[in-house]
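First up is the structure itself, then whatever we jot down about it.
The values are calculated or read from the model by the stated rules, or taken from the named source; none is laboratory data. Given the structure is predicted, the values throughout are model-derived calculations rather than measurements. Cβ placement follows ideal geometry from the backbone for every residue including glycine, while neighbour counts extend to all protein chains displayed. For the accessible areas, the whole protein counts, side chains as well, though only heavy atoms, and no ligand, DNA or RNA atoms are used. Shrake-Rupley method; radii C 1.70, N 1.55, O 1.52, S 1.80 Å.
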Amino acid sequence: MRSFILISAAIVLAQASPILFQRDTCTALTSDDRLDCGNIASSQSSCVAAGCCWTPAYDGGAWCYYPSPSNTTRPTAPDRNTIATWLGSQYSYSVTRLLGALGPSGTVAGVVVAAQSSSNPDYWYHWARDGALSMDVIAKLYAKAVVAGDSTNANLYKSKLQAWITFEAGLASRTNPTVDITGNAADNVGEPKFNVDGSAFTGAWGRPQNDGPALRVRTIKRFLDAYVAATGDTAYATSLSSQIQKDLDYVVRNYANACISGTTCFDLWEEKSAQHWYTQIVQRRGLLAGKAYFSSWVSNPNLANSYQNVASALEPMMASHWNSTAGFINQMMDITGRKSPDVAILLGSIHSFDSDNYNAPTNDQVLRTVWRYARFFKGHWTINQNRSAYAPLVGRYMEDVYNGGDGVNNNGAGPWLLATAGMAEFYYVAATSLFQAGSASVTANNQEVYQYFGVSAAVGSAITGSDLVTLANNLFGEGDAYLQTLSFWMGSSQSMTEQFNPATGVRQGAPHLTWSYVSLITAKFARDTALTALSGTSTCNVAVSSRVDCGVVGTTQAQCQDKGCCWSPLASGTEGPWCFRAVTA
């Protein structure tokens, strides 16, 4: 997570001889079909001596691989009740652990510590990104508590959120190393990392990082939606306008940076300076949240329009990341040593999709990218190869070499708990969205994916009726399969670290990684929503004139969906409820 400009193994491998060697039994397997037979230190000679095939791959796939392909058959979906029982218990533990990361002893109010670890590795810091993602979950918990009439927890979550907002406002008024890089005092909001007393971290680091400001705005806006609906306190909402504007103005100034010359801009893994798909999609979501804010409680049409314009300008930038040759979205463009699919695409999609469904898990390019990303890991690592009939554990990207820095486990980079839980959330969201839409359009990008999930259909056609039910339920089952794998390797312990050891499966890296708990919690949220949608034959594909209101004025998307209702905003000037009841299909 905090590897900071590690030299990728792929760079080393790229210096190897370009001569291809294949045994008589070797076939030309694609990278996501290869069953890894070596490690990052494997050479052509050692690979061949082991009886394996050697073919360089420039998309992150294994160069040394077994003659037979990996098992890419869809895993059998586990029993739903078994998963629900494990998930319910793990969810409760994870919420407790998340709350324990908010302003713990030895820190100041508003801090979100990245992990309960101050050495090997030292994650006893406040990261802008991790903090915003963690507090977004607290905002969702607040909205749920309000809907449930649970004032005790609603007040607890509110106090935590307001302390974090105040803490972040204080950070934005202090000089830090990012200002030294950009020369603009207002750019201090791009600083990624702070000491737990709120002082600037002045050590060497990958800075600036341009996702934090947008993620903060998205989280603040989610909280304010629920808070104002519950209390009517618009004065508090309007009091945050300068803080929100400062974050979004940073995005406006920096979104188009080339990042390869001049001012750097590092990725969420803090390793590479480039234009990042993850950063761009969360920037877009933050800008649209800002547009909504400055169109409601604080009426500033010019500012709202400027944020909309930049959000629109980000869309062709993101579109340019599609690699039609490889068949997936590149997280970064033209970066040596990082060519494989990256979990950042999955995370960007689930962190940013909203009612407009922009690059949501159902988007054909996003869906294909995430599906292929997981296939790469199917044949990777001993622990996956030994459980080939099950959903794989997944990591950040194939070329990763960061092993968590705990000084104990030396088998290389391993699978990440937050990534594996993220796979479950991704498929739950896809199942819900497709089922509620009432149809699934088949394209050249998603046709093979839909076939994997049990539905064959021609490009240009639409999947509906019983085939759509099959597709949605199989997507849901895939989500459960990832949680089954996660629960297997976690065993009887509920502790969530950063990684599993790729050879033994023991936990490695930072203990009690806050983001791991966050990812588990949001997976449960998504699963609960999907279960509600799939429990009957209901659909949200309802004509506007037939919508039956399920909310009241001021109901937010989170509050609507927490009630098991459908959410679909209408165009300006169109009359009808945005939150409405599903109907029998």
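Does the stretch 394-401 include one or more residues that are over 18 Å from Lys339 (Cα atoms), in a loop (DSSP other than H, G, I, E, B) and open to solvent by less than 40 Å² (accessible area, probe 1.4 Å)?
no
Please verify whether the stretch 289-300 includes one or more residues that are under 23 Å from Asn188 (Cβ atoms), open to solvent by 10 Å² or more (accessible area, probe 1.4 Å) and charged (D, E, K, R).
There is no residue in the stretch 289-300 that is under 23 Å from Asn188 (Cβ atoms), open to solvent by 10 Å² or more (accessible area, probe 1.4 Å) and charged (D, E, K, R).
Among the residues of the stretch 512-529, are any part of a loop (DSSP other than H, G, I, E, B) and not charged (D, E, K, R)?
yes
Scan Ala304, Ala311 and give me the residue that is in a helix (DSSP H, G or I), modelled with pLDDT of 95 or more, open to solvent by less than 20 Å² (accessible area, probe 1.4 Å) and out of contact with any Phe, Trp or Tyr (no Cβ under 8 Å at 6 or more places or on another chain).
Only one candidate passes the filter, namely Ala311.
How about the stretch 327-345: which of its residues are open to solvent by less than 40 Å² (accessible area, probe 1.4 Å) and in a loop (DSSP other than H, G, I, E, B)?
If the condition is that a residue be open to solvent by less than 40 Å² (accessible area, probe 1.4 Å) and in a loop (DSSP other than H, G, I, E, B), then Gly327, Asn330, Gln331, Ile335, Gly337, Arg338, Ser340, Pro341, Asp342 are the ones that fit.
Could you count how many residues in the stretch 195-234 are open to solvent by less than 10 Å² (accessible area, probe 1.4 Å) and either β-branched (Val, Ile, Thr) or under 24 Å from Tyr157 (Cβ atoms) (or both)?
Number satisfying all stated conditions: 12.
In the set Asp187, Asp180, which member is of a type in the set (Asp, Glu), more than 30 Å from Gln557 (Cβ to Cβ), at pLDDT below 90 and out of contact with any Pro (no Cβ under 6 Å at 6 or more places or on another chain)?
Within the list Asp187, Asp180, the selection yields Asp180.
Where residues in the stretch 346-368 are under 20 Å from Ser324 (Cα atoms) and not in a loop (DSSP other than H, G, I, E, B), which of them is most open to solvent (accessible area, probe 1.4 Å)?
Result: Gln365.
In the stretch 148-164, how many are part of a helix (DSSP H, G or I) and surrounded by fewer than 20 Cβ atoms within 10 Å (Cβ to Cβ)?
Total meeting the criteria: 9.
Looking at this structure, is Tyr278 crowded, with 17+ Cβ neighbours inside 10 Å and at pLDDT below 95?
Against the criterion (crowded, with 17+ Cβ neighbours inside 10 Å and at pLDDT below 95), Tyr278 does not qualify.
Listed here are the residues, each with its yes/no results for (1) closer than 21 Å to Tyr373 by Cα; (2) open to solvent by less than 30 Å² (accessible area, probe 1.4 Å).
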residue	(1), (2)
Ala431	yes, yes
Thr443	yes, no
Gln447	yes, no
Gly454	yes, no
Val459	no, no
Asp467	no, no
Leu471	yes, yes
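Looking at the stretch 83-112, which of the residues that are in contact (Cβ under 8 Å) with a residue 24 or more places away in the chain and polar (S, T, N, Q) is farthest from Ala154 (Cα to Cα)?
Thr107
Consider only pairs whose beta carbons are under 6 Å apart and that are at least six residues apart or on different chains; among these, list those whose first residue lies in the stretch 409-425 and is over 11 Å from Leu346 (Cβ atoms) and whose second residue is hydroxyl-bearing (Ser, Thr, Tyr) and not in a helix (DSSP H, G or I).
Ala413/Tyr402
Among (1) closer than 30 Å to Ala292 by Cα; (2) charged (D, E, K, R); (3) open to solvent by less than 40 Å² (accessible area, probe 1.4 Å), which single condition is Arg387 missing?
(1)
Quick check: is even one residue across the stretch 127-145 under 25 Å from the mean Cα position of the chain (by Cα), loosely packed, with under 14 Cβ neighbours inside 10 Å and either modelled with pLDDT under 95 or over 14 Å from Tyr250 (Cβ atoms) (or both)?
No, the conditions are met nowhere in the stretch 127-145.
How many of the residues in the stretch 441-483 are part of a helix (DSSP H, G or I) and in contact with a Ser or Thr (Cβ under 7 Å, 6 or more places away or on another chain)?
2
I'm checking my understanding of the structure. Among residues of the stretch 57-87 that are small (Gly, Ala, Ser) and part of a loop (DSSP other than H, G, I, E, B), which one is farthest from Glu478 (Cα to Cα)?
Ala57
Please tell me if Lys246 is modelled with pLDDT of 95 or more, surrounded by fewer than 20 Cβ atoms within 10 Å (Cβ to Cβ) and not hydrophobic (A, V, I, L, M, F, W, C).
yes
For the stretch 168-190, name all the residues that are outside any helix (DSSP H, G or I) and open to solvent by 30 Å² or more (accessible area, probe 1.4 Å).
Ser173, Arg174, Thr175, Gly183, Asn184, listed by residue number.
Tyr227 fails exactly one of the following numbered conditions: (1) touching a residue at least 12 places away in the same chain (Cβ under 8 Å); (2) under 22 Å from Thr178 (Cβ atoms). What is the number of that condition?
(2)
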